[in-house]
Amino acid sequence: MSQPNVQESTVNSPIADLTYRNYDGPITSHTFRWWVVALSVLRTNLKKPGFWINGGLIVLIFLFQALLFFFSNNVAARISGGGAAGDAPQKLMSYGTTAYQAISATSLLVTIAALIVGSGSIAADNRANALLVYLSKPITKGDYLLGKWMGVFMLLAGLVVLPTILLWVFYATTYADEGFFKQEPWLWAKLLGASLISPVLNTSLMIGFSACTKNARLAGSLFAAFTFILLTVSNTAGFLMFRNATLDQDLGAGKAVVRRAITVQHISVRGVADGLSMELLDVDPKKVMAGGPKKLRKRLQAPYPLPLVGIGLLMIILPIGIARAKIRAVEVVSG
Amino acid sequence: MSLDPTGVASVENLTVRYGTKTILSDFSLVIPDGCTGLLGPNGAGKTTLLKTLLGFVSPAGGRGQVLGLDVATQGMLIRQKIGLMPEQDCHIPGMNAVTFVAYAGELAGMPASQAMRRAHEVLEYCGLGEARYRNVETYSTGMKQRIKLAQALVHGPKLLFLDEPTNGLDPEGRDQMLELIRDVSHGKGLSVVVSSHLLPDIERTCDSVLVLRRGELILSGPIDALRSTTGCTVDVELAERSAAFGESITALGGTVGEIKGNRVRVAFVDGTKGFGTLVFRAAKLSGAQVRGFAPAQRSLEDVFMEAIDQ
């Protein structure tokens with residue numbers, strides 16, 4: 001009986017199956033379709049060295065603040081002669097103030113990280129006509145935008161939230177005997193809230209600028225220019241107002257004049273984050289605002305929180321609204 | 001009046017405007033099963049029609065259905081069942097081919113593992129198996145066209161929209177792309193709409209055609225039916241070119257049409273009986289040798305030009 005020539009048929013046929021088959025496998029629910037987009041943003045950006053360098057620097061800042069807290073606490077304990085169990089020594093710095101200083105010091109790095117991971121998030125898609133691919137699939141503009149926003153936000157939040165959690169763990173493990181949990185039962189929630197403000201603001205603004213251009217570098221430049229110009233203008237205007245307010249105060253004006261000036265000084269991305277973190281962590285501004293004559297420093301107050309909340313919301317809603325209007329699969333010709 | 005449910009897609013009294021410019025005006029059509037060509041000169045409204053069917057553009061008036069789903073309210077469900085190969089180059093930046101196609105599958109709702117398996121399959125099918133791990137940005141024009149087809153096919157659509165699929169391809173690449181389109185649209189349970197202004201592409205791949213001009217449907221039907229001629233028109237193949245044969249035909253009451261080499265198109269008055277006998281009689285009179293004759297067929301170009309000129 002003759003055997004079929006297996007070897008010959010194998011040689012003549014292609015290695016791969018080149019026929020087309022219809023797909024009749026499972027399809028996932030639409031509810032979390034945005035997660036696919038977010039995951040792609042995460043995968044792409046986690047490969048960027050710049051992101052990890054920023055992360056490393058942020059960890060170093062937190063480490064430095066934790067060490068500073070630890071040593072200053074020990075010095076305070078020795079000076080006061082305390083330290084016995086159940087007899088909590090007076091600390092030079094509070095838990096919240098130390099965390100605030102760490103979070104505030106990282107704000108520039110968060111902005112730089114936003115430039116690295118967010119500038120191309122939508123601009124690169126605009127350049128490569130990728131919106132035609134996205135929007136021809138069963139996802140909405142909202143899914144796309146939410147996915148991009150969440151992807152960038154999770155990266156930026158990760159940079160600040162993870163070290164903040166480690167700082168809290170340091171507090172909890174080192175100062176549990178000194179009544180840490182009794183004194184600060186909600187510090188974890190406050191820290192979480194304070195550490196998320198800067199990532200939320202930076203993500204929203206970066207996404208807004210990115211959606212407006214086809215060039216990641218241009219989007220980054222616009223975002224950086226906006227951030228730094230607003231910071232410079234608000235700082236300068238706020239400082240001048242503060243000086244005038246102190247003079248007015250000498251002439252009998254109330255504390256509100258000074259507080260208004262300080263609020264103006266906080267009308268920037270960094271300012272809003274700092275001001276709201278200060279409020280959340282119950283930080284005394286006299287202990288954390290550096291520079292200026294001692295006489296002026298004594299008059300420092302925390303900014304009004306409500307205007308800052310309003311400005312913060314504007315910095316979130318407006319860019320997202322602009323991005324939503326800009327995202328479309330077709331160019332609409334008017335006229 | 002209800003929309004025609006027989007085709008894979010249909011629109012009725014559709015009007016689409018971009019700003020104040022009307023692109024499609026009171027437009028109705030039915031796209032039949034199989035492979036359909038959407039023909040028309042540049043600016044005829046082909047791409048706008050596709051984008052309206054996909055739900056990208058909101059019509060100013062009228063309505064439409066795709067695979068039984070309403071264009072105005074069920075855009076998401078429609079996009080679950082269709083694939084789009086856009087005219088422009090499009091890819092997701094920073095991805096290699098297999099990641100890009102798998103990602104397109106995940107966007108369409110496929111689980112990650114299934115999307116990856118399927119991405120390998122469709123890339124092999126589209127002839128990109130060897131280049132699947134290369135970054136898409138490094139691809140040639142032909143490869144970019146193929147990957148656009150692969151991302152449109154990955155989730156197993158029931159209807160495929162191909163917008164100018166042979167744009168920028170060299171003759172060999174064009175042949176391969178047309179072969180792929182022909183293959184995918186026949187016997188695979190998949191209907192295909194090919195939008196193009198290249199008549200030979202449509203002629204090679206499609207079974208029926210819809211001709212658009214300035215936002216209006218001016219001609220539609222199966223290509224074979226459109227190409228067939230009316231009355232008694234035959235193409236006569238002679239052994240060699242003969243002017244005397246034409247004169248004899250005219251003398252016998254026929255008309256000599258287009259002459260291509262040794263092939264002569266001959267028309268007789270409607271109702272002429274025994275036109276075969278007349279052809280042979282003309283051959284005998286002129287001394288020409290007839291090799292054969294068959295009912296004449298017009299080229300799609302003739303059909304198109306005739307429709308456009310009307």
Worksheet item: Could you name the lysines in cross-link range of B:LYS148, using Cα to Cα under 20 Å and dropping any fewer than eight places away on the same chain?
Response: A:LYS137, B:LYS46, B:LYS51, B:LYS81, B:LYS158, B:LYS188
Worksheet item: What's the angle, to the nearest 10 degrees (0 to 90), between helix B:171-184's Cα axis and the longest principal axis of chain B?
Response: 80 degrees
Item to complete: Report Rg (one decimal) and Dmax (nearest whole number) for the protein assembly as shown, counting Cα atoms only, units Å.
Response: 36.0, 134
Worksheet item: With the dipole of segment A:33-328 worked out from charges on the C-beta (+1 for Lys and Arg, -1 for Asp and Glu) around the Cα centre, which of A:ASN235, A:PHE223, A:VAL152 lies farthest toward the positive end?
Response: A:PHE223
Discussion item. Counting just the Cα atoms, what span does segment B:1-125 cover along each of its three principal axes? Round to the nearest Å and put the largest first.
Written reply: 45, 29, 25
Worksheet item: Does a label point 7 Å from the Cα of B:ARG63, set along Cα-to-beta-carbon, have any residues of segment B:3-37 with amide nitrogen under 18 Å, and which are they?
Response: B:3-16, B:26-31
Worksheet entry | Calculated P(r) tail over 18 Å for segment B:84-171, as whole % of Cα pairs | 36 percent
Worksheet item: Of the peptides A:319-328, A:202-211, how do they stack up when ordered by the mean number of other Cβ atoms within 10 Å, highest first?
Response: A:202-211, A:319-328
Discussion item. Just to be sure I understand: if you take the accessible area of chain B alone plus chain A alone and subtract the pair, with a 1.4 Å probe, what total do you get in Å², rounded to 100?
Written reply: 3700 Å²
Discussion item. So, for the protein assembly as shown, what is the accessible surface per residue at a probe of 1.4 Å, expressed in square angstrom?
Written reply: 47 Å²
Worksheet item: About its Cα centre, how strong a charge dipole does segment B:245-310 have in debye, to the nearest 20, once Lys and Arg get +1 and Asp and Glu get -1 at the Cβ?
Response: 500 debye
Worksheet item: Quick one: putting +1 on the C-beta of Lys and Arg, -1 on the C-beta of Asp and Glu, what dipole do you get for chain B around its Cα centre, in Debye to the nearest 20?
Response: 180 debye
Worksheet item: Based on the Cβ-Cβ distance of B:ALA244 and A:ARG21, what FRET efficiency does E = 1/(1 + (r/R0)^6) give at R0 = 56 Å, to the nearest 0.05?
Response: 0.40
Discussion item. Cross-link candidates for A:LYS326: which lysines have Cα within less than 17 Å, leaving aside residues fewer than 8 places away along the same chain?
Written reply: A:LYS141, A:LYS148, A:LYS214
Worksheet entry | Förster-model FRET efficiency, 45 Å R0, B:PHE280 and B:ASP309, C-beta, rounded to 0.05 | 0.80
Worksheet entry | Expected-Rg normalisation [2.2 N^0.38 Å, Cα atoms] applied to segment A:151-296 | 1.29
Worksheet, complete the sentence: So the compactness index of segment A:33-328, its C-alpha Rg divided by 2.2 N^0.38 Å, takes the value 1.12
Fill in: Accessible carbon and sulfur surface of chain B relative to its total accessible area, %, 1.4 Å
50 percent
Worksheet entry | Proximal lysines relative to B:LYS284, as straight alpha-carbon distance under 23 Å, when same-chain residues fewer than 8 apart are discounted | B:LYS260, B:LYS273
Worksheet entry | Reference-scaled alpha-carbon Rg (2.2 N^0.38 Å with N residues) for segment A:125-164 | 1.51
Fill in: Computed label-point distance, nm, for sites A:LEU240 and A:ALA176 using a 7 Å Cα→Cβ extension
5.5 nm
Response to the item:
Scoring chain B by relative contact order with C-alpha pairs under 8 Å, at least six apart, yields a percentage of 18 percent
Worksheet entry | Solution diffusion estimate, µm²/s, Stokes-Einstein, segment B:152-206, Kirkwood Rh from C-alpha pairs, 25 °C, viscosity 0.890 mPa s | 214 µm²/s
Discussion item. With Kirkwood's inverse mean 1/r over C-alpha pairs for Rh, give me the Rg to Rh ratio of chain B, two decimals please.
Written reply: 1.09
Worksheet item: Which one of B:GLY19, B:VAL57, B:LEU84 has its Cα pushed farthest toward the positive end of the charge dipole of segment B:1-90, where Lys and Arg give +1 and Asp and Glu give -1 at the Cβ?
Response: B:GLY19
Fill in: Pair A:GLN183, A:THR140: separation of 7 Å Cα→Cβ label points (nm)
4.9 nm
Worksheet, complete the sentence: Out of B:LEU300, B:TYR133, B:GLY254 - ranked by how far each Cα lies towards the positive end of the dipole of chain B, with unit charges on the beta-carbon of charged residues - the top one is B:TYR133
Discussion item. Charges at C-beta only: +1 for Lys and Arg, -1 for Asp and Glu. How large is the resulting dipole of segment A:33-328 about its Cα centre, in Debye rounded to 20?
Written reply: 900 debye
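The values are calculated or read from the model by the stated rules, or taken from the named source; none is laboratory data. Just so it is clear, the structure is predicted and the values come from calculations on it, not from any experiment. All Cβ positions, even for glycine, are placed from backbone atoms using ideal geometry, and neighbour counts span all protein chains on display. These accessible areas exclude ligands, DNA and RNA; they are computed on the full protein's heavy atoms, side chains included. Shrake-Rupley method; radii C 1.70, N 1.55, O 1.52, S 1.80 Å.
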